[in-house]
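**Student:** To start, I am sharing the structure in question, which I have written as structure tokens.
The values are calculated or read from the model by the stated rules, or taken from the named source; none is laboratory data. Keep in mind it's a predicted model, so treat the numbers as computed, not measured. As a convention, Cβ positions derive from the backbone with ideal geometry for all residues, glycine included, and neighbour counts pool all protein chains shown. Heads up: the accessible areas ignore ligands, DNA and RNA and are worked out on the full protein's heavy atoms, side chains in. Shrake-Rupley method; radii C 1.70, N 1.55, O 1.52, S 1.80 Å.
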Amino acid sequence: NFVICNDSSLHSQPIIFNPDFFVEKLRHEKPEVFTELVVSNITRLIDLPGAELAQLMGEEDPKLPGANSAASGFFRSLMSLKRKEKGVVFGSPLTEEGIAQVSQLIEYLHKNLRAEGLFRVPGNSIRQQILKDALNSGTDIDLDSGEFHSNDVATLLKMFLGELPEPLLTHKHFHAHLKIADLTLFDEKGNKTSTPDKERQIEALQLLFLILPAPNRSLLKLLLDLLYQTAKKQDKNKMSAHNLALMFAPHILWPRNVSTNDLQENITKLNNGVTFMIKHSQKLFKAPAYIRECARLHYLGSRAHSSKDDLDLLTSGSKELQPLKSQKRSRLDTCHQEETQQRTEEALKELFRHVHNMPDSAKKKKLIRQFNKHPTALTPSSDVPSSPAPRRTRSRSFSGLIKRKVLGTPIILERKSRDATPEPERVSKENVHLLQKCGSPAHMSQAKLKSLETRKEESCRRMRARLLSKDSSSL
């Protein structure tokens, strides 16, 4: 289950990692949570009644074919007790030490898969007994010395599996495997067909193997891989996956101390189930993707709350880091605000200069009034005058000008600018001559009044002349 990662972003050596890391972690640290997660998905795929589900969970003793006889039950208990008392590899419950001894047989058979009739042809009984005693005593065996034949080793492996107190897939899983064999495809109308649903069967076996005891799962993986490699060389050894299933189904899946008559209804399902396991053995020991994701989220989501000490460390660390983060953020915000404020002030200054240099008009006064409404936001604080220019009093009629002149009210015509000189006012030649003669604002106003009076009188004379000409032509 280990994968080599050759990611181009990794500049160092390729990394070997286990995709099922969190799955195995959850299995060992929280077995109850792990079992509930897996069994809930098993019941989604296969229909297990209440009694069979309780047997799968280990809450009830499994009810197996041929188990109603009291004599058979007593015989199994007695044999199991004797095997435990001996404390030997053969006949004792499965342990990691026993698997380590038997793995020597599996490694040797991987090198000798071409022997015809492997696992079917029995070996020499004397050599088998010698080899069995050596394994029970825990001594190292040199199987490559040529003293033993591959058929001796293959027969001894079957003998080891047959003497286990219960089958390798355990009695609790017996009914679940029968239900997996019944998983078939549906047609377009939703009716069941006779075609097996291989994808669902593989998924169900993956889940079921996850809740096997660890020693059973380890040995099952070694055994199925050996049988898979043996079936690949069936042109030499004449052992197909179905032939191998007939040899190993009684040791892997059949309940102990039952006859073929007890399994008459289900024997075909059991043999075909083992055949399916051999053919798809390379896929069955990988956890489904959703189980991996659930296990990963379980740990990543609860890592901060794994213990009170860890939680205290996280909170204290966050308190220490918070001022640093806030100071850094405040410095960045201040720099950004200062930069934005500087650009805004420069733009406003340029705009205010442009407005101030415009000739007097209604538009200019409107813009200045807008600046005056928001002096803090729009008016620059320097380089331009903050107070608006004094208003110019305008006479709205010619009679008003005469009245103001008689009353002595001066007309103020001041234009002051610190940054730019206003454009000269468009005046006639007579006014320019008068402006040159007069130097004070009072003289300028009087000269302009005289020119206005003169132009008014001339326009009146022209109008009277036109009217007289029209009257004479009509007469």
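**Student:** Please determine whether any residue of the stretch 195-212 is among the small types (Gly, Ala, Ser) and either at pLDDT below 95 or touching an Asp or Glu at 6+ places or on another chain (Cβ under 6 Å) (or both).
**Tutor:** To start, the set of residues in the stretch 195-212 that are among the small types (Gly, Ala, Ser) comprises 204.
Filter once more, keeping what is either at pLDDT below 95 or touching an Asp or Glu at 6+ places or on another chain (Cβ under 6 Å) (or both): none.
No, the stretch 195-212 has no match at all.
**Student:** Does residue 258 satisfy being out of contact with any His (no Cβ under 7 Å at 6 or more places or on another chain) and not in a helix (DSSP H, G or I)?
**Tutor:** yes
**Student:** For residue 102, state whether it is modelled with pLDDT of 80 or more, under 20 Å from residue 214 (Cβ atoms) and in the same structural domain as residue 176 (by the TED database).
**Tutor:** Taking the combined requirement at face value, the residue does not satisfy it.
**Student:** I would also like to ask the following. Out of the residues in the stretch 91-126 that are crowded, with 18+ Cβ neighbours inside 10 Å and touching a Lys or Arg at 6+ places or on another chain (Cβ under 6 Å), which is farthest from residue 154 (Cα to Cα)?
**Tutor:** So the residue we want is 92.
**Student:** To continue, here is another question. Can you name every residue in the stretch 32-59 that is outside any helix (DSSP H, G or I), on the phi < 0 side of the Ramachandran plot and either modelled with pLDDT under 85 or crowded, with 17+ Cβ neighbours inside 10 Å (or both)? So that I can check it myself, show each step before the final result.
**Tutor:** The first filter runs over the stretch 32-59 and keeps only residues outside any helix (DSSP H, G or I), leaving 46-49, 57-59.
Pick out the ones that are also on the phi < 0 side of the Ramachandran plot and you get 46-49, 57, 59.
Of everything in the stretch 32-59, those that are outside any helix (DSSP H, G or I), on the phi < 0 side of the Ramachandran plot and either modelled with pLDDT under 85 or crowded, with 17+ Cβ neighbours inside 10 Å (or both) turn out to be 46, 48, 59.
**Student:** For the stretch 213-227, give me each residue that is aliphatic (A, V, I, L, M) and modelled with pLDDT of 95 or more.
**Tutor:** Once the filter is applied, which keeps residues that are aliphatic (A, V, I, L, M) and modelled with pLDDT of 95 or more, the stretch 213-227 yields 219, 220, 222, 223, 224, 226, 227.
**Student:** When only residues in the stretch 156-172 that are in contact with a helix residue (DSSP H, G or I) (Cβ under 6 Å, 6 or more places away or on another chain) and not in a loop (DSSP other than H, G, I, E, B) count, which is farthest from residue 212 (Cα to Cα)?
**Tutor:** Applying the filter and picking the extreme gives 156.
**Student:** If you scan the stretch 233-277, which residues turn out to be closer than 17 Å to residue 64 by Cβ and charged (D, E, K, R)?
**Tutor:** 256, 262, 265, 269, listed by residue number.
**Student:** Hey, another quick one. Looking at the stretch 261-291, which of the residues that are over 40 Å from the mean Cα position of the chain (by Cα) and in a loop (DSSP other than H, G, I, E, B) is modelled with the highest pLDDT?
**Tutor:** It comes out as 266.
**Student:** Could you pull out the residue among 147, 188, 199, 203 that is more than 13 Å from residue 105 (Cα to Cα), charged (D, E, K, R), open to solvent by 30 Å² or more (accessible area, probe 1.4 Å) and in the same structural domain as residue 101 (by the TED database)?
**Tutor:** 147
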